[in-house]
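Computed from the coordinates by the stated procedures, all read-outs in this text should not be read as laboratory data. These numbers come from a predicted model, not from an experiment. A quick note on method: Cβ atoms are made from the backbone with ideal geometry, for glycine too, and the neighbour counts reach across all protein chains shown.
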Amino acid sequence: MSEFDFHQTLPIINEDTEFFPLMSQEDEEEMNNEQTPEVLSILPLRNTVLFPGVVIPITVGRDKSIKLIKDAYKGDRTIGVVSQRDVGIEDPTFEQLNDVGTVALIIKMLQMPDGSTTVIIQGKQRFRLGEAVQSEPYIKASINKFEEIKPKADKEFKAIVASVKELAMQIIQLSPNIPSEAGIAIKNIESTSFLINFISSNMNADVAAKQQMLEVANLYERAKMVLEHLTMELQMLELRNQIQSKVRTDLDKQQRDYFLNQQLKTIQEELGGNSPDLELDNLRQRALKKKWSAEIASHFSKELDKLARMNPAAADYSVQVNYLELLLDLPWNEFTKDNFDLKRAERILDKDHFGLDKVKRRIIEYLAVLKLKNNMKAPILCLAGPPGVGKTSLGKSIAKALGRKYVRMALGGIRDEAEIRGHRKTYIGAMPGRIIQSLKKAGAANAVFVLDEIDKVGNDFRGDPSSALLEVLDPEQNNAFYDHYVELDFDLSNVMFIATANSLSNIQPALLDRMEIIEVNGYTIEEKIEIAKQHLLPKQLEQHGLKKKDVALKASVLEKIIEDYTRESGVRGLEKRIGSVVRGVATKIAMEEEYTSALNKVDIERILGAPMFDKDLYEGNEVAGVVTGLAWTQVGGDILFIEASLSPGKGKLSITGNLGDVMKESAEIAMAYLRAHAAKFNIDHRLFESWDVHVHVPAGATPKDGPSAGITMLTALTSAFTQRRVKQHLAMTGEITLRGKVLPVGGIKEKILAAKRANIKEIILSKSNEKDILEIKEDYIKDLTFYYVKEMKEVIDLALTNEKVKDPIDLTVKGPASILN
């Protein structure tokens, strides 16, 4: 065991200390004059050096040392204390001891509770070792007296001693481990030699340095050595305190942040929220269950590590949490199972929607291919048609038939590209695009996605959303759709997009090219009656709290509602009128008044009021120049009248009726064709120079445009110049050219429905429109007669009779007849 397992650096100094009186000058002189034995028992010290006058406690552990102390304690208690040259030697020999040591007096010997022996010794005089006398059981040696040289008490020496005392006091004040009693002891020391010894013994220096000081005989030189050591010690102490102060400031801030974060965690847990650590663990556990690719997993891991390094109180912390939660909520490679029971799909589509055979057939085709191949890029369907025909609700039925999730996104009025592609995360209030948000809500990567009102998308300085939709709706590109907020490619190729539109003319051509157009035209009266019976009436009864037995509407009653109170291609207005009828019955029931559940036409007029529309809009053929045309509008088909009148003048052509450029051009083309081929229709060419022509289309407040009225205008002008009657109950639609050709037009089904509502019996169409008529069920057009023409001459021959109108205008031209006639 080490000789000094414990060495108290400073002696115990208090009022009760009986073994350490503060040494005066006289006490020092008396101690120096004491006679010492010529031979002393030598106690080796490992970890310290004993100076004259200084009291220190030591713990004795070696067997030799314990025996030495016990023998000396029984005798005169005087021993020699010498430090080892090498502190690592456990049992040093005489030659391994330093030459200079200190005579020591054993003041007290104590037995400690752990079995060790502690002695308190006081240094007396220096000595120099002579020769070894014995080595067992402990070392004994002869000693020689070591004379100390004291300097003159000049100003320089006094200044050095004063500096030593001052530096020692400063070190004591700066060192929290040194008791304040040490400063009191230093102040009360009178002896200069003892002061130097006391400070040398207790200063922060190694054994070799202290031994060097012990061996210096000149007190002046020893004082300078102590001053150097104290100066260095004070500088080191001040530097250490500065470093500790800086470190303490950093630690205090960290501890403060840690304390506040712990408080924040506790508050969040008390309020029912999750602490940041729990939140991170939750996100990590959720990520393990995702079916995403290695690229997405790596990106998520990096973003999660970034969140772990962020301060929960930072503003970006919640933004990062929201981003990670979005990545976890998105359906990466998560699909619902498709139902390939085609018979069931047909039943669902037929149950939810009456008619729409073309659309239903296309969906069944898609299901059939998907069933056989089990892997097919979803088509981009665009259902185009007037309002109220069931385009949007058809998407829900398709989702039900496929067994897929259904989401709908209204595009009407969207002007910001970020609504489609999302915002970049660096922006305040950034959000993902509505495509990504909708798929997150659906929870499946193969949902049925309805893009409602795609023709209503706008654009302004914030971008062009319709251009952003190009990538979404392109089957060749949407397998890597990039959202600015997500910052990762998302596969949309399995999503079945269904767009709806009222007018294809408002859709960007490039976007239109990417979609498969399916026209959803209006319904015939027969179809509307069936829709009302199967869907509208039951729905209104349920919404108004009535039962099926409370209201019964026959087919004839429904027909009256359709013809007298609605004018539309769809059934939205019809549903409103049926709702009004049901509310009228509900009022009777609630007021406990008598009523009949089987409503008749009189009851309908009582509830809905007088008819809003006149069924028979046809105005006859008594006046020359008035022809019924067929037009397409955004709410369906309609009929319009082209009026042509003549007045004496110089051949001026006037066109009125709030017409667009295309419609005005049709009138000019018809007039040009008629002038060029006047002879074919038995018209004197001089009439074009002596009569002004005015073409008008009634309902002047309603804007009208399009080429569909071309043959109608030609017929009206021909009727006006020939004063021949137009065939009764006849309507027509078609585009004309200067060569006399009749070209096809669109919206045929809507126009046919409008013709039926107006009690039209015969319709003239371009030969190329015959295919559109073939798509309409024969039952719905059985009362109509269609004429398909290629040339304008055929139109005139079919439309005009040889009979003059009542009260015809006298168009006889005086003078030589035209050579063309």
Practice prompt. Report the residues of segment 217-248 in range of a label on A159: point 7 Å along Cα→C-beta, backbone N strictly under 20 Å from it.
Written response: 219-232
Worksheet item: Let a ≥ b ≥ c be the square roots of the eigenvalues of the Cα gyration tensor of segment 60-168; is it rounded (a/c under 1.5), or, if not, prolate (a/b larger than b/c) or oblate?
Response: prolate
Worksheet, complete the sentence: Residues S438, S768, S647 in order from fewest to most other beta-carbon atoms within 10 Å are S647, S768, S438
Fill in: Calculated FRET value between K152 and I107, using beta carbons and R₀ = 45 Å, to 0.05
0.85
Practice prompt. Determine the alpha carbon to alpha carbon distance for each of K391/K756; K124/K187; K741/K767 and list only those over 18 Å.
Written response: K391/K756; K124/K187
Item to complete: Would you please name the trypsin sites (Lys or Arg not before Pro) within segment 318-364 that are DSSP coil residues with at most 11 other C-beta atoms within 10 Å of their C-beta?
Response: K337
Item to complete: Would you list, by chain and number, the lysines whose Cα falls below 16 Å from the Cα of K533, excluding same-chain residues fewer than 8 positions away?
Response: K351, K547, K548, K549, K554, K560, K576
Worksheet item: Taking a ≥ b ≥ c as the square roots of the eigenvalues of the Cα gyration tensor of segment 657-755, is the shape rounded (a/c under 1.5), prolate (a/b larger than b/c) or oblate?
Response: prolate
Worksheet item: Evaluated at 4 °C with a viscosity of 1.567 mPa s, what Stokes-Einstein diffusion coefficient in µm²/s does segment 626-804 have when Rh comes from the Kirkwood expression over alpha-carbon pairs?
Response: 80
Worksheet item: Ranking F786, F94 by Cβ neighbours within 10 Å, fewest first, what do you get?
Response: F786, F94
Item to complete: Just report the Cα centroid separation between segment 576-592 and segment 288-359, whole Å.
Response: 45
Worksheet item: Using 1/(1 + (r/R0)^6) with R0 = 51 angstrom and r between the beta carbons of E190 and I267, what's the FRET efficiency to the nearest 0.05?
Response: 0.20
Discussion item. Can you tell me what percent of all Cα-Cα pairs in segment 276-329 are more than 15 Å apart?
Written reply: 41
Discussion item. For Cα pairs less than 8 Å apart in space and 6+ apart in sequence, what is the mean separation divided by the residue count of segment 525-608, i.e. the relative contact order in percent?
Written reply: 39
Discussion item. Once each part is reduced to its C-alpha centroid, what is the distance from segment 736-787 to segment 534-550 in angstrom?
Written reply: 37
Worksheet item: What are the principal axis extents of the Cα atoms in segment 525-608, in Å, biggest first?
Response: 37, 24, 17
Worksheet entry | Degrees, to the nearest 10: 276-288 long Cα axis against longest axis of the chain | 60
Worksheet item: By how many degrees, 0 to 90 and rounded to 10, does the Cα axis of helix 219-270 deviate from the longest principal axis of the chain?
Response: 30
Practice prompt. Could you work out the local net charge near I106, counting Lys and Arg as +1, Asp and Glu as -1, over the other residues with Cβ closer than 13 Å to its Cβ?
Written response: +3
Discussion item. For the chain, I need the span (max minus min coordinate) of the C-alpha atoms along each principal axis, in Å, sorted largest to smallest.
Written reply: 173, 67, 57
Worksheet item: In which sequence would K405, K165, K74 go, from the one with the fewest C-beta neighbours within 10 Å to the one with the most?
Response: K74, K165, K405
Discussion item. What does the net charge come to around W632 if you take all other residues with beta carbon closer than 10 Å to its beta carbon, with K and R at +1 and D and E at -1?
Written reply: 0
Worksheet item: What number, rounded to the nearest 500 deg cm²/dmol, is the helix-based mean residue ellipticity at 222 nm of the chain, given -39500 (n - 2.57) per DSSP H run of at least four residues and division by all its residues?
Response: -13000 deg cm²/dmol
Worksheet item: Given the Cα-Cα distance of K302 and E334 and 0.36 nm per residue of separation, how much length would full extension add, in nm?
Response: 9.2 nm
Worksheet item: Between A410 and E622, what FRET efficiency comes out of the Förster formula 1/(1 + (r/R0)^6) with R0 = 60 Å and r the beta carbon distance, rounded to 0.05?
Response: 0.75
Response to the item:
Cα-Cα longer than 20 Å, checked against K302/K441; K291/K371; K405/K440; K664/K806, kept in input order, equals K302/K441; K291/K371; K664/K806
